[in-house]
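What follows is a single structure, written as structure tokens, with notes after it.
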Amino acid sequence: MNLEIFIKPRAELDLFKAFKFYEEQSSGLGDEFIHCVDAKLELINRNPNACPKLYKDFHRGLVQRFP
């Protein structure tokens, strides 16, 4: 199943800020963060029911390694 996954501009800005934060902590850590986010989005795309439904058709998938 291929879902249409989109990231709102505000969330995209949050991701960029998180990337910068982790990159400042350690070189390459920002890339690891983005990789983990991408992996979670891929999981949701393959199996939307793998993540709990929060509201109507909205599911939440947490990235385990990064708070």
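Among the residues of region 47-65 satisfying the criterion of being assigned to a loop (DSSP other than H, G, I, E, B) and surrounded by 14 or more Cβ atoms within 10 Å (Cβ to Cβ), which is modelled with the highest pLDDT? Filtering region 47-65 for residues that are assigned to a loop (DSSP other than H, G, I, E, B) and surrounded by 14 or more Cβ atoms within 10 Å (Cβ to Cβ), the one modelled with the highest pLDDT comes out as Val63.
Set side by side, the residues Ile7, Ile44 differ, and just one is of a type in the set (A, V, I, L, M) and either in contact (Cβ under 8 Å) with a residue 12 or more places away in the chain or surrounded by 13 or more Cβ atoms within 10 Å (Cβ to Cβ) (or both), which is Ile44. Under the condition of being in a loop (DSSP other than H, G, I, E, B), of a type outside the set (Phe, Trp, Tyr) and closer than 17 Å to Arg60 by Cα, which residue from region 3-46 is modelled with the highest pLDDT? Within region 3-46, the match that is modelled with the highest pLDDT is Lys8. Of all residues in region 25-39, one or more are free of Cβ contacts under 8 Å to residues at least 24 places away in the same chain, out of contact with any strand residue (DSSP E or B) (no Cβ under 8 Å at 6 or more places or on another chain) and β-branched (Val, Ile, Thr).
The values are calculated or read from the model by the stated rules, or taken from the named source; none is laboratory data. None of these values were measured; they are calculated from a predicted model. We place every Cβ from the backbone using ideal geometry, glycine too, and count neighbours over all the protein chains shown.
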